[in-house]
Amino acid sequence: MTTSASTATTTTASAGATGSPGMGAGAPLPAGGAAPVSGAASTVGGAAGVAGASVVTAAPASGAALSMAGRGGDTPAAEGHQYAPQWLELRESADAAARATDLLDPLRIRLANLPRRATGLVVHDLGCGTGSMGRWLAPRLDGAQQWVLHDQDPALLRLAIERAPRAGADGSPVTVTTRRGDIGRLTADDLSGASLVTASALLDVLTREEIDTLAGACADAGVPALLTLSVVGRADLVPAHPMDQEIAEAFNAHQRASELLGPDAITVACEAFAQRGATVRVHPSPWQLDDRHIALTEEWLRGWVGAACEQRPELTERAEAYLRDRLAACAAGELRVTLHHSDLLALPRPTGCTS
Ligand SMILES: C[S@@+](CC[C@H](N)C(=O)[O-])C[C@H]1O[C@@H](n2cnc3c(N)ncnc32)[C@H](O)[C@@H]1O
């Protein structure tokens, strides 16, 4: 990553560092409760006055709806965070359950064929947030690992260090360093010596140019990439509601209204890697939300409906009633949501894209 001298920081934690991996451990939480970018939330059509049913803007939708707040959009971030750590914590267990384990075996085979190095694997996690990808993947890979965590948010990087994984699958040590900087400027030099590039819930908040830059850096450095949990623009809610499709379409339109790729990211990334000769595999990685995920589902619903109303304000009155119904069903444990994502594995070799 081309981290300029003014923004680049490197912090190191080694196995046994203070803090423990996992959600919420010692997290300095921004004021304002659990709502992501809570200081920035506003209501649309607030006249409804029904507690819990107002349509909140700038809340998350699987990471992607935060893009308006997180990328210089019209909403300031709370407490200096562009992505609230509470939101990342709320989604961590659903993310962990969703990531496509089918992509791990081809990845392990590729990593096993790398020339052995005394330092072990070097894994770069792009847009690491609080480091959930490392907590998921490091214990699934054998051997010593050095994780290099990249993010633009120094507060999230601090949390990622505190919660760093300690050991690989076979008990080998895991060490972690951080780099603050802009992924949009990543170069092959930044990946020098890397064994693997990872990311989670990142691609859909990048632009076409940023994804192209990322794919180019990986290809030039000859590094495989495992890029998980990109939204694909589909949500299935059970029981169904007549407004589901309308809200989904307005939400997707909201994402596409910015230059960020949202539901188109996975296709663009697949093409960008394949054009550079990588073998690309795409695998579904849906969130399966039910009565075990009420808080997450509620936050997701508020963000999903809020973004839809921002895009189509004429929906607001009906959307408030819709949200009220959906939140009530959710609180009663009677709502199930499948939020579709895709994971992508790109292995640098000269073949095309398959899915
Ligand atoms: C939706 S969050 C996902 C965080 C984490 N990977 C996870 O799965 O919990 C996106 C993360 O990417 C970071 N990010 C987004 N765009 C970035 C950029 N251009 N450069 C550096 N970091 C970026 C954000 O700060 C945020 O931590």
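Bear in mind that the values in this text are calculations on the coordinates, not laboratory data. Model, not experiment: these values are computed from the prediction. For neighbour counting, all protein chains shown are included, and Cβ atoms are generated from backbone atoms with ideal geometry for every residue, glycine included.
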Taking Glu162, Glu246, Glu310 and counting other C-beta atoms within 10 Å, the order from fewest to most = Glu246, Glu162, Glu310
Neighbour-count ranking [beta-carbon atoms within 10 angstrom, fewest first] of Ile161, Ile247 = Ile161, Ile247
What relative contact order, as a whole-number percentage, does the stretch 246-355 give when Cα pairs under 8 Å and 6 or more residues apart are counted?
-> 47 percent
FRET efficiency (Ala96, Asp325; Cβ distance; R0 25 Å; to 0.05) is 0.25
Anisotropy class of the stretch 293-349 from Cα gyration tensor, a/c 1.5 cut | oblate
J(HN,Hα) series, the stretch 213-223, from Karplus relation 6.51 cos²θ - 1.76 cosθ + 1.60, nearest Hz, glycine and proline x = 4, 4, 5, x, 5, 5, 5, 5, 8, x, 10
Using the number of other C-beta atoms within 10 angstrom as an exposure proxy, rank Thr213, Thr101, Thr267 with the fewest first.
-> Thr101, Thr267, Thr213
